[in-house]
Amino acid sequence: MKIFETKTAPNPRRVRMFLAEKGLLDEVEFVQVDIQKGENLTPEYAAMNPMKKVPVLQLDDGTSVAETMAICRYFEELHPETTPLMGEGALGKAHVEQWLRWIEFFFFLPTGMCFQHTTGYFKDRMNPIKEWGEECGKNVEKFFHFLNKHLEGREYICGDTFTAADINAFTTIDFNKVNDIRIKPEQTHLQAWYDRIKARPSAKV
């Protein structure tokens with residue numbers, strides 16, 4: 001199996017952390033794609049993922065799976081007994097899915113929009129709107145505050161165990177350094193949680 005990724009991008013990091021937690025990093029070959037040079041825009045890449053985003057999982061028979069959480073779900077279903085990261089039982093799985101959606105829509109998406117629209121990183125293939133990027137940055141800061149309140153008295157985001165929700169929130173916080181948005185000194189619950197996740201071996205892959 002191969003995963004086509006850009007190691008500096010946040011979505012591929014989410015997958016790498018997920019695989020590291022499940023002990024599956026050695027099961028795949030990682031192929032680097034230079035998205036700044038547009039290697040993801042080629043017809044060959046589009047044949048794997050018509051959305052032209054990273055990462056993409058390519059199975060041994062040539063089948064492709066795109067989208068970060070779809071890739072994670074594939075490995076979760078293959079190895080459900082090995083460090084379950086997407087919840088256990090009906091309620092546990094529902095709560096993890098709830099948090100994955102919240103993090104995706106209200107945290108990760110505005111993070112990406114802030115980056116793209118304020119830095120002009122992809123100005124050769126999109127029309128950056130600085131005001132929109134700045135507004136998205138404000139929404140990111142609101143979610144930092146929301147997470148800080150939620151994590152008071154909690155070790156992890158969803159329930160009593162480490163899940164994909166922690167991975168997605170952690171990697172999003174890290175990527176926000178490019179937006180110059182960081183945990184504030186008064187956000188002590190968020191900082192304590194962040195430090196716990198950062199100490200995990202998977203945070204270093």
| query | With the dipole of the stretch 1-103 worked out from charges on the C-beta (+1 for Lys and Arg, -1 for Asp and Glu) around the Cα centre, which of GLY62, PHE75, VAL33 lies farthest toward the positive end? | reply | VAL33
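Semi-axes, largest first, in whole Å: what does sqrt of 5 times each Cα gyration tensor eigenvalue give for the stretch 48-118?
Output for the stretch 48-118: semi-axes of 24, 21, 7 Å.
Please state the charge dipole magnitude for the chain, taken about the Cα centre, from unit charges on C-beta atoms (+1 on K and R, -1 on D and E), reported in debye and rounded to the nearest 20.
On the way: 26 positive and 30 negative charges, 133 e Å.
With Lys and Arg at +1 and Asp and Glu at -1, about 640 debye.
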| remark: A student asked for the Cα radius of gyration and Dmax of the chain in angstrom ought to give 17.1, 51
| Centroid-to-centroid separation of the stretch 92-164 and the stretch 17-89 [C-alpha atoms, Å] | 21
| request: Kindly work out what percent of the DSSP beta bridges joining two residues of the chain are antiparallel, to the nearest 5. | output: 60
| said: Which residues does the label zone of ARG182 cover in the stretch 143-169, counting backbone N under 17 Å from a point 7 Å along Cα→Cβ? | reply: 144-145
| query | Expressed as a whole percentage, what fraction of the accessible surface of the stretch 1-149 belongs to carbon and sulfur atoms when a 1.4 Å probe is rolled over the protein heavy atoms? | reply | 55
| said: Spelling out what I want: for every residue of the stretch 183-199, take phi, set θ = phi - 60°, compute 6.51 cos²θ - 1.76 cosθ + 1.60 (Karplus), and round to whole Hz; glycine and proline get x. | reply: 4, 7, x, 7, 8, 5, 5, 5, 5, 5, 4, 4, 5, 5, 5, 4, 6
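Sorting HIS95, HIS79, HIS145, HIS117 by accessible area (1.4 Å probe), largest first, what list results?
Order by accessible area, largest first: HIS145, HIS95, HIS79, HIS117.
The values are calculated or read from the model by the stated rules, or taken from the named source; none is laboratory data. Bear in mind the structure is a predicted one, so any value in this text is a computation, not a measurement. Virtual Cβ from ideal backbone geometry, glycine too; neighbours counted across all protein chains shown. Heavy atoms of the whole protein, side chains included, go into the accessibility calculation; ligands, DNA and RNA do not. Shrake-Rupley method; radii C 1.70, N 1.55, O 1.52, S 1.80 Å.
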